[in-house]
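The values are calculated or read from the model by the stated rules, or taken from the named source; none is laboratory data. Model, not experiment: these values are computed from the prediction. Cβ placement follows ideal geometry from the backbone for every residue including glycine, while neighbour counts extend to all protein chains displayed. Areas reflect the complete protein model, heavy atoms only, side chains present, ligands, DNA and RNA absent. Shrake-Rupley method; radii C 1.70, N 1.55, O 1.52, S 1.80 Å.
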Amino acid sequence: MKFSASPSFAEKLHKTDPLRKFRKHFHFPEKQGKKAIYLCGNSLGLQPKNVSSAIKQELKDWKQLAVGGYFGAKNPWLYYQDNFKQPLSKIMGCRQEEITVMNALTVNLHLLLLSFYKPAHGRYKIIMEAGAFPSDQYAVETQVKLHHIKPADAIIELFPRRGEKTLRTEDILQTIAAHKDSLALVLLGGINYYTGQLYDLKQITLAAHEAGALAGYDLAHVAGNVPMELHNWNADFAVWCSYKYLNGGPGAVAGVYIHARYANDKNYGRLGGWWGNAEKTRFQMKKGFKPKAGAGGWQLSTSQVFNMVALKASLELFEKAGIKNIRKKSILLTGYLEFLLQQLSNVQFDIITPSDPQQRGAQLSLYFKRDAKAIHQKLTDNGIIVDYREPGVIRVAPAPLYNSFKEVYQFYEILKSC
């Protein structure tokens, strides 16, 4: 499509947007008495309007049924985590038994590393991107130390080439091949939080397996943003949060994917807990952990209903919209944002996110050589909500479920005046 930097063109795109009706299903923060232009869904998604009634339903069931809600609530709490299997399996591209929700992202990453990082027989190295989100760095560092291995010896970091901001797929694959005899695990963020680069997980997974290693991913910036095919790509495991593009609310329950070859192996090593025990024997209170089949066998504790309810409400909207339709609009919306930014000459920045739509999601990262914080403040003062990350990057993320082409144009107009 040939874009135009005019308000009439933005209006045309808005009127022909098949997902524009979903915008009315979200609450927007206000700035100076007006709806803010919220382009920060990569950090925290907006609240869906159906969350309030969903919470009230659980409060009502708790009030009227008390402990009876585990079996008799409208959404029985004993099986509450099962509400997420169908919608999330579509979004993440896997079987329903390979999905569960529990805990928070880094907790789940630690739990799965205990299951899947097993240094032995000279295989102990982990490949991850340099500058990964701190939680991932800390998790890997401390897991390696638990095995009495020095992080400097075990962790292989992937750096961009000199003068570049993003990683080349061929460099990732070459690094995997170079360490094939000592490699235990490749662990990458599906989308780098800073640059917005989407990695080729299909090729990376294949390369990891050819090297005799496992492939796991932190999909915090992917879930609800870019549709995955985790099962078909043969990824071993993945974790993600649900408070970004999935709009599950601050600190909401996190997600887990475990490939069926492990998920359905009840003898595969993991930490056990009451909620991971099969329901048919759970209340017998006997010794001996007997995990239920599927990823749910990694659950530990009672489902946190009030930490899950907002995600359940949000996923109802995803089911109606369809993740492929969301992705289709996202490519167009982010492409339009990129086009508008390329028209600016008075503001000096580089778009460090790849221009290829297949190598990015909804986020564009703008690297300012100077005055980034001051420009971020000016945007904030003008009712634009985006975020700033050191060093010098303003991240702009138009979420297709609730952001419009007109908002993207307004952002461009305001940035032009900065």
Scanning for something more than 28 Å from Ala154 (Cα to Cα), in contact (Cβ under 8 Å) with a residue 12 or more places away in the chain, surrounded by fewer than 22 Cβ atoms within 10 Å (Cβ to Cβ) and in contact with a helix residue (DSSP H, G or I) (Cβ under 6 Å, 6 or more places away or on another chain), does segment 223-245 turn up at least one residue?
yes
If I ask for residues that are among the basic types (Lys, Arg) and either open to solvent by 20 Å² or more (accessible area, probe 1.4 Å) or assigned to a helix (DSSP H, G or I) (or both), which ones from segment 336-375 would you list?
Lys369, Arg370, Lys373
Within segment 401-416, which residues are assigned to a helix (DSSP H, G or I), over 14 Å from His14 (Cβ atoms) and either among the aliphatic types (A, V, I, L, M) or touching a helix residue (DSSP H, G or I) at 6+ places or on another chain (Cβ under 6 Å) (or both)?
Tyr412, Ile414, Leu415
Considering only segment 289-306, I want to know if a residue exists there that is modelled with pLDDT of 95 or more, open to solvent by 20 Å² or more (accessible area, probe 1.4 Å) and under 18 Å from the mean Cα position of the chain (by Cα).
no
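Condition (residue is closer than 17 Å to Ala235 by Cβ and of a type in the set (A, V, I, L, M)) applied to segment 68-88: is it met by at least one residue?
Kept after step one, since they are closer than 17 Å to Ala235 by Cβ, are these residues of segment 68-88: 88.
Now drop any that are not of a type in the set (A, V, I, L, M), which leaves 88.
Yes, some residue in segment 68-88 is closer than 17 Å to Ala235 by Cβ and of a type in the set (A, V, I, L, M).
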For segment 393-418, give me each residue that is buried (at least 20 other Cβ atoms within 10 Å of the Cβ) and small (Gly, Ala, Ser).
Ala397, Ala399, Ser404
Would you confirm whether any residue within segment 117-134 is in contact (Cβ under 8 Å) with a residue 12 or more places away in the chain, under 30 Å from Glu316 (Cα atoms) and of a type in the set (A, V, I, L, M, F, W, C)?
yes
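Please tell me if Lys312 is open to solvent by 50 Å² or more (accessible area, probe 1.4 Å) and out of contact with any Ser or Thr (no Cβ under 9 Å at 6 or more places or on another chain).
Numbers: open to solvent by 50 Å² or more (accessible area, probe 1.4 Å): no; out of contact with any Ser or Thr (no Cβ under 9 Å at 6 or more places or on another chain): yes.
It is false that Lys312 is open to solvent by 50 Å² or more (accessible area, probe 1.4 Å) and out of contact with any Ser or Thr (no Cβ under 9 Å at 6 or more places or on another chain).
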For His147, only one of the following conditions fails: (1) surrounded by 20 or more Cβ atoms within 10 Å (Cβ to Cβ); (2) in contact with a Pro (Cβ under 7 Å, 6 or more places away or on another chain). What is its number?
(1)
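Could you pull out every one of the helices (runs of 4 or more DSSP H) wholly within segment 223-335 that has 2 or more residues that are charged (D, E, K, R)? Working first, answer last.
On the way: elements: 230-233, 260-263, 279-282, 309-321.
Qualifying helices (runs of 4 or more DSSP H): 279-282, 309-321.
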In segment 206-220, is there at least one residue being closer than 20 Å to Leu105 by Cα, of a type in the set (Gly, Ala, Ser) and part of a loop (DSSP other than H, G, I, E, B)?
yes
Being surrounded by 15 or more Cβ atoms within 10 Å (Cβ to Cβ), farther than 30 Å from Asn50 by Cβ and under 26 Å from the mean Cα position of the chain (by Cα) narrows Arg270, Arg282 down to just Arg270
Farther than 21 Å from Ile258 by Cβ, open to solvent by less than 20 Å² (accessible area, probe 1.4 Å) and aliphatic (A, V, I, L, M): which single residue out of Ile172, Ile155 fits that description?
Ile172
Candidate set: segment 37-71, residues that are open to solvent by 60 Å² or more (accessible area, probe 1.4 Å) and aromatic (Phe, Trp, Tyr); chosen: the one farthest from Tyr245 (Cα to Cα)
Phe71
Cβ pairs under 6 Å, 6+ apart or interchain, first in segment 14-31 and farther than 21 Å from Gly322 by Cα, second outside any helix (DSSP H, G or I) and open to solvent by 70 Å² or more (accessible area, probe 1.4 Å), ordered by first then second residue, are Phe28/Lys35
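Scanning segment 385-418 for residues that are of a type in the set (Phe, Trp, Tyr) and within 19 Å of the chain's Cα centre (by Cα), which turns out farthest from Arg370 (Cα to Cα)? It would help to see each step written out before you state the result.
First, the residues of segment 385-418 that are of a type in the set (Phe, Trp, Tyr): 388, 402, 405, 409, 411-412.
Retained after the next criterion (residues that are within 19 Å of the chain's Cα centre (by Cα)): 388, 402.
Details: Tyr388: 13, Tyr402: 31 Å.
Going through the qualifying residues, I end up with Tyr402.
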